[in-house]
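We did not get these values from a lab; they are worked out from the coordinates using the rules stated. Every value quoted in this text rests on a predicted model; they were computed, and no experiment measured them. As a convention, Cβ positions derive from the backbone with ideal geometry for all residues, glycine included, and neighbour counts pool all protein chains shown.
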Amino acid sequence: MAGEKRKGLQLLDFWVSPFGQRCRIALDEKALPYEYLEQDLGNKSELLIRSNPVHKKIPVLVHDGRPVCESLIIVQYIDEAFSSSSSLLPSDPYARAQARFWADYIDKKVYDCGTRLWKTKGEPQQQARKEMVEILKTLEGALGDKPYFGGDEFGFVDVAFVPFTAWFLTYERFGEISVEKECPKLAAWAKRCGERESVKKNLSPPEKVYEFIATLKKKFGIE
Amino acid sequence: MEKATENAKNPAPLKLLGSWASSYTHRVQLALRLKGLEFEYKEEDLGSKSEELLRLNPVHKKVPVLVHGGRALPESVVILQYLDDAWPETRPLLPADAFDRALARFWCHFADDKLGPAVGAVFASTGEEQEAAVRQVHENLALLEAELRDGAFRGRRFFGGDEVGFLDVVLGCGSYWLAVFEEVTGVRLVDADAFPLFHAWLREFEALDEVRETIPAVDRLLEYARGVRHMLLGLAGGAGAGGDATEAPAATAAPPAAAPPAAATDIAVDI
């Protein structure tokens, strides 16, 4: 049984993870069928530990038995391994570099700052709020007047950031940040992306994200 | 690819803004040399960043920044991949196969996200805190050693195969700090007995002409590292900053002692 290599695509994931959702969106954009395997992060499966021994984290994409880890690496892998269907990354080298730069920026900044928004209070929370507004404004600057980050087509950076739009409500309620007010272009972009099938299907409803975080806050004793 | 042939026939000038002690800068210098690409180099004073740097990298305000045909490319890992995309006729840094590329990117992220900060933490601390950081470094090196021994990179001369690639450049430009830090802190980081394959790889890497051309002389690195360590420990101890370092730390000293690794990265003493 151990030697058997499963064919096809499996995604080890956790329902509310924005990182996992990047992968789900990318798979759907490329019309790739896959098996979704919800993971219990409180009691990690042998499959997860075996597939990602270094970090033991989701998401992990398993392709013909071989694991690929880290959401942006997975998205690039999907784009490169299945290159016959429409590309998520642009073809121009400079445009590709810009796409990688902004995806990297999103990875470095958004989740960490978002976590501090709901996990902290007082001065650290004020600091997190200030930073989040700056991050969102910077991203809005990168978007400009384009329909998507990559231009006319939904692409890599859009995939990288769109799952976090489901967290805007949570940022609003716990962090008192109105994305609509601070970054109207970004809010419009979020709405536009929300009309795509791949996004509609895979983003968590914002109220569910909020409930999830509210539960975590109670668990950590942060009120 | 039209753009690529364009580059080969009418090469637009390449300019690199960097800092002599920054391993991120070295990554780009090495990559350019490996690809045989000519470039102009401008040394930045990180304690007093130029208007040009701030204009070209307004988001992070860091080196390295590669300027190609007037367009700015920041972030070493982004730059390395750009070089492959824009000059596909030169020796590629990333492997051709999608899965191998994913592996190279994974370990590159590991180097920047885990190993680098762990080494930085060793350098910025003492006593028990340092011992914990050393254990972390050893755990990380053990993971790489395992991949070299019976994992993804088993039997290879370099992470890239017979020739250096993306991961060698990223890991290698930074690993030279290990010996320097060992000298300055008196702490053993890469035991040749505990990590024989990593050790062997590092020796092979450092012997390459392009690498010797890129990495600064050891005595310069030692002097620099001694100065930084002296200052970092001074800050962590709460005593006022010495102020004699030319690097950014004096300006970025504001965050409290909880951030030694961040300070280490800001002054480009990193892996």
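With charges set only on the Cβ (+1 for Lys and Arg, -1 for Asp and Glu), what does the dipole of region B:14-86 come to about its Cα centre, in debye to the nearest 20?
100 debye
Applying the Karplus parametrisation 6.51 cos²θ - 1.76 cosθ + 1.60 with θ = phi - 60° to the phi angles of region A:185-202, what ³J(HN,Hα) value in whole Hz is obtained for each residue in order, glycine and proline being reported as x?
Along region A:185-202, the couplings run 5, 5, 4, 5, 4, 4, 5, 4, 5, x, 8, 7, 4, 4, 7, 3, 6, 10 Hz.
Roughly how many nanometres apart are two label points built 7 Å out from the Cα toward the Cβ at A:R196 and A:K56?
Result: 3.4 nm between the two label points.
Give me the distance between the Cα centres of region A:178-217 and region B:34-83, rounded to whole Å.
Taking the Cα centre of each part, region A:178-217 and region B:34-83 sit 35 Å apart.
For a label point 7 angstrom out from the Cα of A:E131 toward its Cβ, which stretches of region B:52-67 have the backbone nitrogen within less than 17 Å?
Label zone hits: B:59-61.
DSSP loop trypsin sites (Lys or Arg not before Pro) in region B:51-98 with at most 15 other Cβ atoms within 10 Å of their Cβ, which ones?
B:K61
By the gyration tensor of its Cα atoms, with a ≥ b ≥ c the square roots of the eigenvalues, what is the shape of region B:14-86: rounded for a/c under 1.5, prolate for a/b over b/c, or oblate?
Prolate, because a/c is 1.5 or more and a/b exceeds b/c.
Counting Lys +1, Arg +1, Asp -1, Glu -1, what net charge surrounds A:E134 among other residues with beta carbon under 14 Å of its beta carbon?
For residues surrounding A:E134, the net value is +3.
How large is ³J(HN,Hα), in whole Hz, for each residue of region B:86-91 in order, when computed from phi with the Karplus curve 6.51 cos²θ - 1.76 cosθ + 1.60 and θ = phi - 60°, using x for Gly and Pro?
These are the phi-based 3J(HN,Hα) values: 7, 10, x, 7, 8, 4 Hz.
If the reach is capped at under 19 angstrom between alpha carbons, list the lysines near B:K42, excluding any in the same chain fewer than eight residues apart.
Cα-Cα hits under 19 Å: B:K15, B:K61, B:K62.
What average count of beta carbons from other chains do you get within 10 Å of the Cβ of residues in B:99-111?
Partner-chain Cβ atoms within 10 Å, mean over residues of B:99-111: 5.
Which distance in Å, rounded to a whole number, links the C-alpha centroids of region A:74-104 and region B:115-159?
Taking the Cα centre of each part, region A:74-104 and region B:115-159 sit 30 Å apart.
Roughly how many nanometres apart are two label points built 7 Å out from the Cα toward the Cβ at B:V218 and B:E139?
3.1 nm
Given a cut-off of under 8 Å on Cα pairs at least six residues apart, what relative contact order in percent is computed for chain A?
21 percent
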